[in-house]
């Protein structure tokens, strides 16, 4: 479904990604893990069209999206849940969700999508008129994911979804991601919480200093001595 072939990108004179190759098949959940500053968020920004590619190719469903603008990437079916959630705090829960369905194709299925989101996240269904900024951090993350689902995506990008959440909420969040996956969505998640994310994905890539250092089945990576000592805490 998604293929990044030897992608190099960065900011100004700084190169953040070097020859990075990643693939995600339809129906998979794939993680990109690694330390802070490894280039994980940069990778997500490249996929969603927020950051230009310097070299390499980005292909989605056999269509070359290299150089496509962010709004075109969304129209092709890629929804990005950014680091820090980036909800609209002054708008209500319902208004935030409506913003996620701005594409013409998504508007046609607005009611159906809204019902699906409220089924996945009942807490949002209980407070459609509440200001989004007054929600807890975990509820805001649910709203950010729900807003992405409203665009009826084929692929969901989750950028550091557990960042800033209390430990008990982190466990709930990963359970919610598992439920979203069970709904049939394809997911690419970047995450520092390696222990938890490797439990819910099929495959994973280890990104360090802008380069892929290791890749494989999630269960196999979790058992690698290097990964266990450096990231899993075992």
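The values are calculated or read from the model by the stated rules, or taken from the named source; none is laboratory data. In this text the structure is predicted, and so the values were computed from the model without any measurement. Reconstructed Cβ throughout: ideal geometry from the backbone, glycine too, with neighbour counts over all protein chains shown.
Just a few scattered comments:
- Output for segment 210-233, where each listed residue is surrounded by 13 or more Cβ atoms within 10 Å (Cβ to Cβ), at pLDDT below 85 and not in a helix (DSSP H, G or I): 224
- Among the residues of this structure, residue 176 counts as one that is free of Cβ contacts under 8 Å to residues at least 60 places away in the same chain, outside any loop (DSSP other than H, G, I, E, B) and crowded, with 16+ Cβ neighbours inside 10 Å.
- Selected residue [more than 21 Å from residue 139 (Cα to Cα) and within 18 Å of the chain's Cα centre (by Cα)] from 84, 77, 100: 77
- Count - residues of segment 99-141 that are surrounded by 13 or more Cβ atoms within 10 Å (Cβ to Cβ) and touching a strand residue (DSSP E or B) at 6+ places or on another chain (Cβ under 9 Å): 7
- Condition check for residue 60: crowded, with 18+ Cβ neighbours inside 10 Å, in contact with a strand residue (DSSP E or B) (Cβ under 8 Å, 6 or more places away or on another chain) and over 19 Å from residue 16 (Cβ atoms): yes
- Among residues of segment 8-29, those that are surrounded by fewer than 16 Cβ atoms within 10 Å (Cβ to Cβ) and assigned to a loop (DSSP other than H, G, I, E, B), counted: 5
- Residues that are at pLDDT 90 or above, assigned to a loop (DSSP other than H, G, I, E, B) and either farther than 22 Å from residue 131 by Cβ or touching a strand residue (DSSP E or B) at 6+ places or on another chain (Cβ under 6 Å) (or both), drawn from segment 73-98: 76, 77
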